[in-house]
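A short write-up of the structure that comes next.
The values are calculated or read from the model by the stated rules, or taken from the named source; none is laboratory data. This structure is a prediction, so every number in the text was calculated from the model and none was measured. Note that each Cβ is placed from the backbone with ideal geometry, even for glycine, and that neighbours are counted across all protein chains shown. These area figures cover heavy atoms from the full protein model, side chains too; ligands, DNA and RNA do not enter into them. Shrake-Rupley method; radii C 1.70, N 1.55, O 1.52, S 1.80 Å.
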Amino acid sequence: ARVEWRTFYQWCHHLRKFGAPIPARDRETLVANLAHADPRLVRLPVPFLLDEIDWVKDNALELHSRYLAAPRTGRGRSLSEAQRGAFLDLYGKYEAALRERRLTDWTGVALALWRDVARGDLTLPQYDFVFIDEAQFFAPSWFGIVKRAVKPGTGQLFLAADPTQGFLKRRQSWLASGLDVRGRSSRLRRSYRNTRAILEFAARFYRTRVPEDDEEINLPDSKDLARLETGPEPELISVGSGREENARVRNEILAAIEAGARPEHFLVIHGERALAKQLVELFNQPDLAQPRARLLGETVCTRGPQIKITSLNAATGLESPVVFLCGLDRIFEEEGGLGLDGADHQELIRDNTRRIYMGMTRACQRLVVTCGRTETAGILRNEAAPAQATT
């Protein structure tokens, strides 16, 4: 009864009430319109501008002088003084638009709470122990808040992090975040989840796509792999469009269940959230008997065994005996988009590789990857590992 379990944002809302966050699509449209009106920003990709806004808030750099003086180590793109000034203009207009709509954004929640704590307007509860899971996703301002909630003198802070999943671009060392963990950290080498075939497939995919990583990662070596149990090779299924892909995944799972598999042993991870929702609807058609499916984090869990479905960005921390990894075509297609310079292109490849590696390693016993584009199949066949092709 004396233990609290919350996500970081749940904890923030427990401490202070915030306005509704702006939907992701509306946020993207707002920033795109603001950037289009400024000739100094038209050549900067909208995803970069969105990430720059988050970076400013995560590091509490919203003041003009702090932003201009901040080192951009690890940002992947340099900005001229004129571009920085233009971005600050965009940032001010973006914040004004949120206030006018009585909205906030997710990084704004953490920043507002940090301001309240720093000013002394909010007194945090004091904890004897704070355990942070998935600490690779925490921003400096988040750590600043949490550290204030650890009881001075006797409180303890424990972190668990996987750098191979660090695709949310925090890119901050522990020391730079105000946490000196030197001599007080341990690296966990043994995989408790995957078979050798699955982890070899995922690790080879990672190393081929990102042969040199400037950040510390935790990929398995040959000794780590040798300790694992053997298992079936990952399967690669060629499919059609997004709807055809969903139909094929549903048919594959239903056939396996008819053959004796259990619904709760299946997890579908989709690269496109909209198609993940469509797949849930496909499973839950009124004329279709059990089993049912639910979208993790949204659909209320009803009684009975259910197939789990989630988006790739929400799959961290999950695991399942059988995983279907879908919707990779658009992810790889975006890597060949126009308007990306060399640094942006390499950054996108690295971030996508980390996301997909994470998705692959959610599978405990069997991994099935679907793809529709020839280029996607080529990446998975030629660069990742010799997968078992199923047509």
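Numbers below:
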{"quantity": "Any hit, region 25-35, residues being touching a Lys or Arg at 6+ places or on another chain (Cβ under 8 Å) and closer than 22 Å to F138 by Cβ", "calculated": "no"}
{"quantity": "Filtered residues of region 16-28 (kept if in a loop (DSSP other than H, G, I, E, B), out of contact with any Asp or Glu (no Cβ under 7 Å at 6 or more places or on another chain) and not aromatic (F, W, Y))", "calculated": "K17, G19, P23"}
{"quantity": "Single match in R99, R16, R25 (criterion: in contact (Cβ under 8 Å) with a residue 24 or more places away in the chain and surrounded by fewer than 18 Cβ atoms within 10 Å (Cβ to Cβ))", "calculated": "R16"}
{"quantity": "Scope region 195-210; condition touching a helix residue (DSSP H, G or I) at 6+ places or on another chain (Cβ under 8 Å) and not β-branched (V, I, T); matching residues", "calculated": "R196, L199, E200, F201, A202, A203, R204, F205, Y206, R209"}
{"quantity": "Residue within region 19-33 that is farther than 30 Å from R273 by Cα and either within 21 Å of the chain's Cα centre (by Cα) or of a type outside the set (G, A, S) (or both) present", "calculated": "no"}
{"quantity": "Qualifying helices (runs of 4 or more DSSP H) (wholly inside region 29-125; at least 2 residues being small (G, A, S) and either in contact with a helix residue (DSSP H, G or I) (Cβ under 9 Å, 6 or more places away or on another chain) or at pLDDT 90 or above (or both))", "calculated": "81-100, 106-119"}
{"quantity": "Of the criteria (1) open to solvent by less than 30 Å² (accessible area, probe 1.4 Å); (2) of a type outside the set (V, I, T); (3) assigned to a loop (DSSP other than H, G, I, E, B), which one N246 fails", "calculated": "(3)"}
{"quantity": "Region 221-243, residues that are closer than 19 Å to M360 by Cα and polar (S, T, N, Q)", "calculated": "S222, T230, S238"}
{"quantity": "Single residue of L338, L325, L367, L318 found to be exposed (fewer than 15 other Cβ atoms within 10 Å of the Cβ) and either at pLDDT 90 or above or not in a helix (DSSP H, G or I) (or both)", "calculated": "L338"}
{"quantity": "Condition check for T7: under 30 Å from D133 (Cβ atoms), out of contact with any strand residue (DSSP E or B) (no Cβ under 6 Å at 6 or more places or on another chain), among the β-branched types (V, I, T) and exposed (fewer than 15 other Cβ atoms within 10 Å of the Cβ)", "calculated": "yes"}
{"quantity": "Counted residues, region 261-275 - those being hydrophobic (A, V, I, L, M, F, W, C), surrounded by fewer than 19 Cβ atoms within 10 Å (Cβ to Cβ) and not in a helix (DSSP H, G or I)", "calculated": "1"}
{"quantity": "Hits in region 1-41 (condition: closer than 16 Å to V146 by Cα and aromatic (F, W, Y))", "calculated": "W5, F8, Y9, W11"}
{"quantity": "Residues of region 28-45 satisfying the condition of being surrounded by fewer than 18 Cβ atoms within 10 Å (Cβ to Cβ) and β-branched (V, I, T)", "calculated": "T29, V42"}
{"quantity": "Selection within region 113-141 - open to solvent by less than 20 Å² (accessible area, probe 1.4 Å) and in contact with a strand residue (DSSP E or B) (Cβ under 8 Å, 6 or more places away or on another chain)", "calculated": "I132, A135"}
{"quantity": "Any hit, region 197-208, residues being at pLDDT below 80 and over 14 Å from A135 (Cα atoms)", "calculated": "no"}
